[in-house]
Amino acid sequence: MAWALKLPLADEVIESGLVQDFDASLSGIGQELGAGAYSMSDVLALPIFKQEESSLPPDNENKILPFQYVLCAATSPAVKLHDETLTYLNQGQSYEIRMLDNRKLGELPEINGKLVKSIFRVVFHDRRLQYTEHQQLEGWRWNRPGDRILDIDIPMSVGIIDPRANPTQLNTVEFLWDPAKRTSVFIQVHCISTEFTMRKHGGEKGVPFRVQIDTFKENENGEYTEHLHSASCQIKVFKPKGADRKQKTDREKMEKRTPHEKEKYQPSYETTILTECSPWPEITYVNNSPSPGFNSSHSSFSLGEGNGSPNHQPEPPPPVTDVSLKLNNLLPTTTPQEAQQWLHRNRFSTFTRLFTNFSGADLLKLTRDDVIQICGPADGIRLFNALKGRMVRPRLTIYVCQESLHLREQQQQQQKREDGDSNGTFFVYHAIYLEELTAVELTEKIAQLFSISPRQISQIYKQGPTGIHVLISDEMIQNFQEEACFILDTMKAETSDSYHIILK
C-alpha cells in the first residue's frame, strides 16, 4: 500500500521536470530568430530540402512545351473533377485538330524555317487492352477487311505535307508540317468503342481510346527521330450521330443534379486540349524503310514508316520477270512472290499483306463471296474481275473486209471451181470494237486497220438503197446492228491526198 501511494508523487516530479526543460528550450527563440535574421532561402539551402527538391518533377513553367494540339470537339460534362477529360466522336466523321506553335521567343531555334513530323495514333486507353493491342487490331482487320481505324481527310486539311499511311498500321498516320504556318488536320476514326468489348449483347459500355500525337524534328541524317513533344486525350467513338446523342444525355443528367453535386464535375468545354504525355514506346516510326503514299480513299488510306522527307518517293515493286505476269495474267503456276507483284501492279497494294502466302492457284480458287468478304464490296468486286480476267464488253462490234481482197478471193474461188477443185475458200474479216459510237472513233479504228493517219480519211459513207452514198453520222453508228458485216471500198478524194471510205 505504501508503494502505491508513492507512485503519484514520482509522476508529478517527473512531469514538472519535463515542463521546466521544455520551457527552457523555448526561451530565447524570439531573440535568436528576429525578423532580420530569418531567411527562407537559407532554410531551403539545407541538404534535406535539396534532396527532396531534386526528386520533384520540374515546374510546368520551366517545361518546354513547344506545341499545343486542340481537338475541335466538346468534352463531356459527366466527368468528375481531377479526372481526365472525355470526348465523344462519331464514327467516320471528320474532326479538326489544330496544330499550334506554342514556343516562347528563342525556344528551339533549330526548327525555325524547317518542317517537323507528327505521328497520329488511335490506341487503347485501358491497360488490359494495351497488352493485347496487336491481337485486337488483327481481329478488327479480319472483321473489317480493307478498312482503316484512322484516316486523314486530306481535302479538308490545311498545311500538311506528304501525308502517309502504312497499310500494316491501321491506327497510325503521319505527315510533315511547318510550325510557322497555319496547320489543321482533319482526322476520321472508323472503329467504334463497342467493337472491342468482351460481351456484345447490346447496351454495353464501349472501351475508351486515346488520340496521341508525337512530334519529331530532323536529325543530322535527315531522319525525323528527335522527339520534341507528345500529347494525348481520351475519346469514345460511337456510330454516326451517337456521339451527339450521348453528349445530350450527359448534359440532361447534369441539369437534373443539385448545385452541390454539380460542383464535383467538370464543365463541358467546346474544344479538347490534348495534355502532355510520354512519347509512344514503339519505335517503328523511326525505321527508314520506304512507305507508300497516301490515297484519298480510306480503304487504301496508306501511311508508312518512311523517313517522311517531302522528296521521298515510294520504292516501286520488284521488276516483273515472269512472261505471264508481263501479260497481266495470273496463272495457277504463279508463285507467291509473283502474286505479290501482280497485286501491286493491279492497284491492290493494300491487300498484299493479307495475301502474303497466296500463290496464283490460291487466289484463283477464291469465290466472289470470299473476295468481297476479305476486301470489301468495292475492291472485292474489282479484284474478282481481275482474277477472272474479265474484260469490259464493247458497246458495238462490227466486222469489215477490204473490197480488193474480197474480189481477189472471189476470183480465186471461181478459178478453182472451173478447174474442178471443190475446196471452198473463206473471206477474212477484221473486228472493230466501238465504245463511244461516234464517227470520229470509227475513223480512227479504220485508219488503224489500214495503218494510215486518221487525217488521210476524208469521209466515211455507207452504201444505201440503189447504190447511194449516205454520210456516216454518230446517230447512224448508234443504230448499227451488233456484229454487222461490211466490205470496205476506198475512193481517192479529188481535192487532196485523202481517201473516202465506203461501207458496203
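Taken together, the values in this text are just the output of simple stated rules run on the coordinates, not laboratory data. Keep in mind it's a predicted model, so treat the numbers as computed, not measured. We place every Cβ from the backbone using ideal geometry, glycine too, and count neighbours over all the protein chains shown.
Summary of values
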quantity	calculated
Residue list for segment 485-504, given a label point 7 angstrom along the Cα-to-Cβ vector of Thr466 and an amide N cut-off under 20 Å	503-504
Amide hydrogen neighbours beyond the local backbone of Cys485, cut-off 5 Å, H modeled	Tyr399
Segment 65-274: C-alpha gyration tensor shape, a/c 1.5 cut-off, then a/b vs b/c	oblate
Mean Cβ count within 10 Å, highest first, over the residues of peptides 138-150, 268-280, 207-219, 466-478	207-219, 138-150, 268-280, 466-478
Inter-site label distance for Leu449 and Ala378 at 7 Å from Cα along Cβ, in nm	3.9 nm
Tail fraction, Cα-Cα pairs, segment 450-504, threshold 14 Å, whole percent	60 percent
R0 of 45 Å, Cβ-Cβ distance Asp474-His344: FRET efficiency to nearest 0.05	0.65
Dipole magnitude (debye, nearest 20) for segment 334-386, charges at Cβ of Lys, Arg, Asp, Glu	140 debye
Rh by Kirkwood over Cα pairs, then Stokes-Einstein D for segment 334-386 at 1.002 mPa s and 20 °C, µm²/s	198 µm²/s
Extension gain from Gln130 to Glu261, taking 0.36 nm per residue of separation minus the Cα-Cα distance	43.8 nm
Placed amide H near Tyr88: partners under 5 Å, 5+ positions off or other chain	Ser76, Lys236
